[in-house]
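Below is one structure, written out as structure tokens, with a few remarks after it.
The values are calculated or read from the model by the stated rules, or taken from the named source; none is laboratory data. Remember, it's a predicted structure, so these values are computed and weren't measured experimentally. Here the Cβ positions follow ideal geometry from the backbone for every residue, glycine too, while neighbour counts run over all protein chains shown. These accessible areas exclude ligands, DNA and RNA; they are computed on the full protein's heavy atoms, side chains included. Shrake-Rupley method; radii C 1.70, N 1.55, O 1.52, S 1.80 Å.
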Amino acid sequence: MARKKTECITLPTLPLRDMVVYPHMVLPLFVGRSKSVAALNAVAEEEQNVFLLAQRNAGIEDPTPEDLHQIGTVARVMQVLKLPDGTVKVLVEGISRARALSVDGSGDYFFAQVEAAEEGVSEGRDMEALRRTLLNEFEQFAKLNKKIPAEVLGTISGIEDNGRLTDTVAAHLQLKLELRQEVLNRVDVAERMEFLLGQLDAELDILQVEKRIRGRVKKQMEKSQRNYYLNEQIKAI
């Protein structure tokens with residue numbers, strides 16, 4: 001089947017060094033590179049969205065178009081604040097996945113020819129089973145992790161759109177940068193869910209091991225304290 005043609009737009013582009021932004025995420029970015037600041041100025045002047053593309057190597061200070069991933073996120077700039085040190089704090093809200101057909105960095109800022117990355121949507125029993133498994137494993141993860149607020153579970157379980165649900169779960173996992181990008185790259189929702197379930201399984205295994213280690217350490221400390229207390233009693237007698 002031929003891929004449906006989608007409209008292409010040109011957007012100012014921000015290379016991201018050490019993060020991946022998913023659709024529906026709202027988070028602050030700290031921008032200091034001159035080209036990125038110029039891109040934000042262009043966005044403000046033209047009242048348009050910005051395209052967020054993660055770098056393939058976060059260590060590169062001055063990336064070229066070849067250093068950027070192809071799949072990124074179209075985002076709305078909600079707030080811009082210039083800081084005393086010259087950097088800019090910008091609050092963005094991810095809107096949708098998009099694919100960079102080309103990126104040009106020859107001017108004052110990066111801009112990209114962008115087309116929407118249409119999400120493949122699956123329905124039926126298999127999709128419902130994936131959804132339930134994802135929610136169940138994330139609940140186990142949240143209970144073991146302790147860093148995820150209880151209200152997050154309620155919020156996530158109330159998300160009906162499976163694509164948004166998967167991205168929201170991914171945003172709460174402490175994945176390596178390349179794995180976060182891999183979640184973004186997987187446009188098909190069912191494939192994204194299966195990939196994320198694999199990452200959750202790995203995280204749960206690690207958390208279970210950490211729990212067992214903490215339990216052993218706690219028992220050893222309690223035994224040492226008990227022995228110390230008994231020895232002190234013997235000395236006193």
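Report, in listed order, any pair from LYS82/LYS176; LYS146/LYS218; LYS82/LYS147; LYS35/LYS147; LYS147/LYS218 with a Cα-Cα distance greater than 25 Å. Display every interim value, and only then the final one.
Numbers: LYS82/LYS176 29 Å; LYS146/LYS218 18 Å; LYS82/LYS147 31 Å; LYS35/LYS147 36 Å; LYS147/LYS218 21 Å.
Violating the 25 Å Cα-Cα cut-off are LYS82/LYS176; LYS82/LYS147; LYS35/LYS147.
Given the options LEU207, PHE30, ALA190, identify the residue whose Cα lies farthest towards the positive end of the charge dipole of the chain (+1 on Cβ of Lys, Arg; -1 on Cβ of Asp, Glu).
Ranked along the dipole, the leading option is LEU207.
Which of the aspartates and glutamates could a cross-linker span from LYS89 if the Cα-Cα distance has to be under 18 Å and same-chain partners fewer than 8 positions apart are dropped?
ASP18, GLU45, GLU47
Considering the dipole of the chain built from charges on the beta carbon (Lys and Arg +1, Asp and Glu -1) around the Cα centre, which of VAL114, MET221, LEU144 is farthest to its positive end?
MET221
Measuring from label point to label point, each 7 Å out along Cα→Cβ, what is the LEU83 to TYR229 span in nm?
4.9
What number comes out for accessible area per residue over the range 83-195 if the probe is 1.4 Å? Units Å², please.
Details: 5960 Å² over 113 residues.
For the range 83-195, the solvent-accessible area averages 53 Å² per residue.
Can you spot the aspartates and glutamates whose alpha carbon is less than 18 Å from LYS143's alpha carbon? Ignore those fewer than 8 places along the same chain.
Answer for LYS143, where 18 Å is the Cα cut-off: GLU151, ASP201, GLU203, ASP205, GLU210, listed by chain and number.
So how far apart, in nm, are the two label points at GLN48 and MET19 if each is 7 Å from Cα heading toward Cβ?
About 2.4 nm, to one decimal.
SER157 label point, 7 Å along Cα→Cβ, cut-off 20 Å on backbone N: hits in the range 176-194?
none
For the range 178-237, which whole percent of the accessible surface, found with a 1.4 angstrom probe, sits on carbon and sulfur atoms?
Numbers: 2320 of 4340 Å².
Looking at the range 178-237 in its full context, I get 53 percent from C and S.
Could you tell me which of rounded, prolate or oblate describes the range 1-81, using a ≥ b ≥ c as the square roots of the eigenvalues of the alpha-carbon gyration tensor, with rounded for a/c under 1.5 and, failing that, prolate when a/b is larger than b/c and oblate otherwise? The partial results should precede the final answer.
On the way: a/c = 1.63, a/b = 1.20, b/c = 1.36.
Judged from the Cα gyration tensor, the range 1-81 comes out oblate (a/c at least 1.5, b/c at or above a/b).
Quick one: the Cα spread of the range 70-135 along its three principal axes, in angstroms, biggest first?
Cα extents, longest axis first: 53, 29, 15 Å.
How big, in percent, is the set of alpha carbon pairs in the range 39-87 lying more than 15 Å apart?
On the way: 692 of 1176 pairs.
When all Cα pairs of the range 39-87 are counted, 59 percent exceed 15 Å.
Which length gain, in nm to one decimal place, applies between GLU128 and LEU91 when the Cα-Cα distance is subtracted from 0.36 nm times their residue separation? Provide the component values of the computation, followed by the final result.
Values: separation 37, 0.36 × 37 = 13.32 nm, distance 3.40 nm.
Result: 9.9 nm gained on full extension.
Over 10 Å intervals from 0, what percent of Cα-Cα pairs in the range 129-230 sits in each interval?
Pairs per bin, as whole percents: 14, 40, 24, 11, 8, 3, 0.
Any chance you could list P(r) for the range 1-148, counting all Cα-Cα pairs in 5 angstrom bins from zero, rounded to whole %?
It works out to 2, 9, 16, 18, 17, 12, 10, 9, 6, 1, 0, in whole percents.
Using a simple spin-label model with points 7 Å from Cα along the Cα→Cβ vector, what separation in nm is obtained for GLN70 and ARG164?
Placing both labels 7 Å along Cα→Cβ, they lie 2.9 nm apart.
Can you name the helices of the chain, as whole DSSP H runs, whose Cα span along the helix axis is 30 Å or more and whose Kyte-Doolittle mean is not below -1.0?
Working: long enough: 189-236 (69 Å, -0.79).
Qualifying helices, which must be both long enough and hydrophobic enough, are 189-236.
Kindly state, to the nearest 0.05, the FRET efficiency for SER106 paired with LEU144, given R0 = 41 Å and r defined as their beta-carbon distance.
Working: r = 49 Å, r/R0 = 1.19.
About 0.25, to the nearest 0.05.
Compute the distance from the alpha-carbon center of the range 18-93 to that of the range 155-195, in whole Å.
21
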